[in-house]
Structures are given as structure tokens and as C-alpha cells.
Number of protein chains: 2
Amino acid sequence: MQDKPATRLYVEDDLAAGRTLGLDHTRAHYLRHVLRLEAGAAVALFNGRDGEWEARIDGFGKGWCSLTVGECRRPQNRERDLWLVFAPIKRARIDFLAEKATELGVTALRPVFTRFTAVTRVNTDRLFANAVEAAEQAERLSVPRVFEPVSLEDLLADWPAERRLLVCAEAGPARPIAAALGEIARDPAAGFEPWAVLTGPEGGFARSELDGLAKLPFVTAVGLGPRVLRADTAALAALACWQAILGDGEDRPPVRSFS
Amino acid sequence: MQDKPATRLYVEDDLAAGRTLGLDHTRAHYLRHVLRLEAGAAVALFNGRDGEWEARIDGFGKGWCSLTVGECRRPQNRERDLWLVFAPIKRARIDFLAEKATELGVTALRPVFTRFTAVTRVNTDRLFANAVEAAEQAERLSVPRVFEPVSLEDLLADWPAERRLLVCAEAGPARPIAAALGEIARDPAAGFEPWAVLTGPEGGFARSELDGLAKLPFVTAVGLGPRVLRADTAALAALACWQAILGDGEDRPPVRSFS
């Protein structure tokens, strides 16, 4: 059993013992008026680089909060490099997708416009805010990077050759996801290669898109069973299977106290 | 390419060629005023027993719609028997969970009150309505049964001995989910046994609950990686892995037309 601060916050500042840092208005308000914390209260901080640190609230002012960093609680870990490349979907579902994909350990969220993508604008700030909140809750030590949207064509033209791409194909030739990933998992380096999962929009991929993807050397097209999954469900199912079979599914959460 | 009605509806009536059936006010309104369908338009019907049938709208009246059943389009399939047993969570998330679990093929949704479950009432009609809508969208031929909530104690006291239970354990001893399910999958009967996935509330299981579960002969406790997942995420991740490794992950959706 570990005595731990209940509140975890992502910050951009460097973290080291004795450093003092400030929080912006939104987060200061949250600590003071939502969580009703007072000077002296402990929170945990992480920035994606320096591990997790305990910090104490020095005090609040008008629209700010000052914290002093204490001890390191967890060292930074090495995460599997897994992007989620996804056709953007409408607002409530994209919020949800950003949250769940962060919980499932993606290191980047990359919106991509495909032929049948109906959504034309993506609020990347909002995606990032959802990812931050999810990372704080999930005891992650990092927050996924959020890329600006690009077309599928441009994405593939610039694709880094060493990054493998798992395409969730609701139609056309595809292998069952567990068989495809299970075979790849027999190579001990597999989970440490960079990977990405690609999911289409609600209308699915165009046949020409799936045909084009199938020809690329870094692509593995997989099926997710007999039901037609919504775009967000397909993404989550593929990410969950990837982590379980190729990723960090063997690791356990940091020790939590039992009540 | 298959010419298919875009609208699928779950009905309770028996389905056979030539039968006439009526829809209630809500669904009649949906067809007439949301989808703007007219007499003569085709829809697809399923009831969880008789497969999927094409039907034509005979006409609309005040608060009703009459349909005549035509040809059978898909025979009823045999589904893997997989319950989701879950501590109820708050409203938006429970709607979402019912939707996603239905897409992922559960045959029953069983709310269960655990020691740290904060939600005290469950609207099972609402859960069922969410499941119906998800089944219609997912091209499923059935809708999961929704049970009334019971306590974990009562659930386990009446547990059918032949049904295996996959417990998502965020703490305590547990095997990685892919390893545990992969080992079970080597038994050819495994996917055809009845199974259930159990997930706890936002506060997690009490240690005494996890200890008690671990002693039961039908329980396999599994871990889902190093991140602390929200209750809904844990359920979806476990269901996705179960279907991929032990379930119907090798099957493909019915042929869809490409635009």
C-alpha cells in the first residue's frame, strides 16, 4: 500500500527536486475550487520526460497556483511507439476516441482525411485536452502527441518506411487480427518497432483506398470479426488487441492502495 | 456488391415470408419523419431467432407503420455465448458501454453491484434500447439480453458452474490477457463454452472481492497492461481481446457495397 496524492497533473515544465513552477488559470481553478485543495496539499506531476514527481502547493493567487517539486515517485518508462491514425468522426465520439486511445497507450493521435470522411475540421487542441485528462487518470507518464490532420494520400507519401501499419479493413482481403499479430509477435523485436493502427470513417474506406493500402510493404490488413463496428469501436478493439498481443499487455499498473 | 436496404430494425415478432407486422409509434415516427421513407420502401428486419428478412412498408397511420415480410436475406447464425458482467457506471458511460459491448458481440449485459459501486440504480430499458440501436448498426442478428442488477454475492451464489468468468483485475495476481486466453484457445472447444467478462466500478474491486473471486474454479483473473483503465475501457478491451483470441474474430462482416 502506497500513500499517494490522488491528483495527477501533466505539465510542460522540466521536473526536478526543489524546482518551483506555476499552473495556469484553468488548472489553478481546478485545484482550488473543484478539488478544494489548499496550500501544502500534495499532487503528482509528470511531463512525458522526467517521470512522476510529488509536488506541494505553495499557494494560490488570482488565476495562478505555485508548486514546489519534491521527490521522484516513478522513473520515466519507455513506451511502445504506437500511433492511432484515424478518420475524424463527429464531436462526442472523437472526444471519446481520444480518451480511450490514450488509456490504451497510443503515443500519437493522427487525424487523416479519407475519401468518405464527412468531418472537415478537427479541433486538435480539444483532442489534446482530452488526451491530457485521460493520461492523468490512467497513471500514464506521457501524453500522446496530436498531429494536424492531413489527407491519406499525403500521409502515405511521407510515411516512415520502418513504421508498420495495421489497417482495420471492414471489407476486402484481411487476416483475423489475433492470427496476424500473433505471428508477428513471434519475432522478439516486434513490439519495439514503431507501429500505427489505421481506422476509416463511418462510411468505411473506398475500395481504391483499401486496394492501394494493401500494396504497401508496411501494411497488414486485419479483420475484427463479423460485426460491422463503428469507427471508434474498431479503433479501440484494434488498439486493445495490439497492446495485449504485441505491446505492453504483460505489464501491470503501479501499485494502488486498497480501501 | 449487394443491393441492400440501408435500414435494419430489430422486432420481436416472428419473421417469415408474407407475414405482416406493425411497428410502434417511436419506430413508425423514425421511419417516416427521420428517414423520410414512404410506402413501398424496403427495410431489413431481424428478431434474434429467424435471421434477417427484407420487408416493405405497406403504409403509415397515426402512430403506426405496417410492413410485409419478403425474402430471407441471411440465416440466423450461432453466436458465442459471452456475457458482460459489469458494475454500473454513470449515465453517459453506461450508454456507451451498452453500445460498444453490443458491437463486440456480447449476448447478455448483466449489471452487478460490487462493494465500491457508486451507482445505485440501473435503467435496464435504456440499456436495452442502446443495445438494440447498436445491434441494428452492427449488422448483428440478435440483441443482447439485459438482466436486472444483482449484488456480486448473489450473482456468484447462483453462478452456472459451466460458465467461465474472465475477471479484469486492476490489482492483485493476474495473468496477461493474451497469454491467458491464448492458452485456453488451444482447446478447440474453448470459444464455444459459455463465458463472461467481469469488470469492476470506477473505484475498482475491494481486495476481499478479488481474493474471493480468485478462489472460484471458473475464474481466470487477467491484467490489461500498465495503464489504469476506466471501467468502460477495461470492459471493451477485454471483450475485444476475447473475441479476437477465443471468439469469432476469424469471421468477416456480411458483404457491404462499395460506393
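The values are calculated or read from the model by the stated rules, or taken from the named source; none is laboratory data. Fair warning: this is a prediction, and the values are worked out from it, not measured in the lab. As a convention, Cβ positions derive from the backbone with ideal geometry for all residues, glycine included, and neighbour counts pool all protein chains shown.
Going residue by residue through the range A:174-182, is there one that turns out to be among the basic types (Lys, Arg) and in contact with an Asp or Glu (Cβ under 8 Å, 6 or more places away or on another chain)?
From the range A:174-182, those among the basic types (Lys, Arg) are A:175; that's our starting set.
So of that shortlist, the ones also in contact with an Asp or Glu (Cβ under 8 Å, 6 or more places away or on another chain) come out as none.
Scanning the range A:174-182, I find no residue that is among the basic types (Lys, Arg) and in contact with an Asp or Glu (Cβ under 8 Å, 6 or more places away or on another chain), so the answer is no.
Looking only at the range B:238-259, count every residue that is hydrophobic (A, V, I, L, M, F, W, C), facing chain A (nearest Cβ under 7 Å) and not in a loop (DSSP other than H, G, I, E, B) and tell me the total. Please lay out each step first, then the result.
Going residue by residue through the range B:238-259, those that are hydrophobic (A, V, I, L, M, F, W, C) are B:238-242, B:244-246, B:255, B:258.
Now drop any that are not facing chain A (nearest Cβ under 7 Å), which leaves B:240-241, B:244-245, B:258.
With not in a loop (DSSP other than H, G, I, E, B) added as a condition, the list becomes B:240-241, B:244-245.
Count: 4.
Could you tell me which residue of the range A:41-66 is nearest to A:Pro160 (Cα to Cα), considering only residues that are of a type in the set (Lys, Arg) and outside any strand (DSSP E or B)?
Initial filter on the range A:41-66 (of a type in the set (Lys, Arg)): A:49, A:56, A:62.
Restricting the remaining residues to those that are outside any strand (DSSP E or B) gives A:49, A:62.
Values: A:Arg49: 24, A:Lys62: 47 Å.
Only one residue fits best here, namely A:Arg49.
Keeping to the range A:8-21, report how many residues are surrounded by fewer than 17 Cβ atoms within 10 Å (Cβ to Cβ) and closer than 21 Å to A:Ala129 by Cα.
First, pick out the residues of the range A:8-21 that are surrounded by fewer than 17 Cβ atoms within 10 Å (Cβ to Cβ): A:12-14, A:16-20.
Next cut, closer than 21 Å to A:Ala129 by Cα only: A:12-14.
Of the residues in the range A:8-21, 3 are surrounded by fewer than 17 Cβ atoms within 10 Å (Cβ to Cβ) and closer than 21 Å to A:Ala129 by Cα.
Could you list, in sequence order, all residues of the range B:205-237 that are closer than 23 Å to A:Asp232 by Cβ, part of a helix (DSSP H, G or I) and of a type in the set (D, E, K, R)?
Of everything in the range B:205-237, just one residue is closer than 23 Å to A:Asp232 by Cβ, part of a helix (DSSP H, G or I) and of a type in the set (D, E, K, R), namely B:Asp232.
For the range B:205-237, give me each residue that is surrounded by fewer than 21 Cβ atoms within 10 Å (Cβ to Cβ), within 13 Å of chain A (Cβ to nearest Cβ) and without any contact (Cβ under 8 Å) to a residue 40 or more places away in the chain.
B:Arg207, B:Asp211
Considering the range B:133-149 alone, what residues qualify as being away from chain A (no Cβ under 14 Å), in a loop (DSSP other than H, G, I, E, B) and free of Cβ contacts under 8 Å to residues at least 60 places away in the same chain? If you could, list the steps in order and put the result at the bottom.
Taking the range B:133-149 first, the residues away from chain A (no Cβ under 14 Å) are B:145-149.
Filter once more, keeping what is in a loop (DSSP other than H, G, I, E, B): B:147-149.
Hits for the range B:133-149 are B:Phe147, B:Glu148.
Report yes if A:Val69 is at pLDDT 95 or above and either assigned by TED's automatic domain parsing to the domain that holds A:Lys215 or in a helix (DSSP H, G or I) (or both), otherwise no.
It is false that A:Val69 is at pLDDT 95 or above and either assigned by TED's automatic domain parsing to the domain that holds A:Lys215 or in a helix (DSSP H, G or I) (or both).
For A:Arg121, work out the one condition from (1) more than 14 Å from chain B (Cβ to nearest Cβ); (2) not in a loop (DSSP other than H, G, I, E, B) it doesn't fulfil.
If we test A:Arg121 against (1) more than 14 Å from chain B (Cβ to nearest Cβ); (2) not in a loop (DSSP other than H, G, I, E, B), just (2) comes out false.
How do the pairs read when you match residues in the range A:176-194 that are over 11 Å from B:Gly249 (Cβ atoms) with residues anywhere that are of a type in the set (Gly, Ala, Ser), using Cβ under 7 Å and keeping only pairs 6 or more apart or on different chains?
A:Ile184/A:Ala190; A:Gly191/A:Gly247
Taking the residues in the range A:190-204 that are surrounded by 21 or more Cβ atoms within 10 Å (Cβ to Cβ) and among the small types (Gly, Ala, Ser) as candidates, determine which candidate is farthest from the chain's Cα centre (by Cα). Full working, then the answer.
Step one: of the range A:190-204, the residues surrounded by 21 or more Cβ atoms within 10 Å (Cβ to Cβ) are A:191, A:195-200, A:204.
Subset that is among the small types (Gly, Ala, Ser): A:191, A:196, A:200, A:204.
On the way: A:Gly191: 16, A:Ala196: 12, A:Gly200: 18, A:Gly204: 23 Å.
Looking at residues that are surrounded by 21 or more Cβ atoms within 10 Å (Cβ to Cβ) and among the small types (Gly, Ala, Ser), I get A:Gly204.
Of all residues in the range A:22-40, which are buried (at least 17 other Cβ atoms within 10 Å of the Cβ) and assigned to a loop (DSSP other than H, G, I, E, B)?
Selection gives A:Leu37 alone.
When the range A:95-137 is examined, which residues are found to be farther than 20 Å from A:Ala231 by Cβ and buried (at least 22 other Cβ atoms within 10 Å of the Cβ)?
Selection gives A:Ala135 alone.
Can you tell me how many residues in the range B:90-118 are more than 12 Å from every other protein chain (Cβ to nearest Cβ), β-branched (Val, Ile, Thr) and part of a helix (DSSP H, G or I)?
Residues meeting the conditions: 1.
Taking the range A:150-204, which residues are away from chain B (no Cβ under 14 Å), over 18 Å from A:Pro217 (Cα atoms) and not in a loop (DSSP other than H, G, I, E, B)?
Hits for the range A:150-204 are A:Val150, A:Ser151, A:Phe192.
Can you name every residue in the range A:52-89 that is within 14 Å of another protein chain (Cβ to nearest Cβ) and either polar (S, T, N, Q) or surrounded by fewer than 21 Cβ atoms within 10 Å (Cβ to Cβ) (or both)?
A:Arg74, A:Pro75, A:Gln76, A:Asn77, A:Arg78, A:Glu79, A:Arg80
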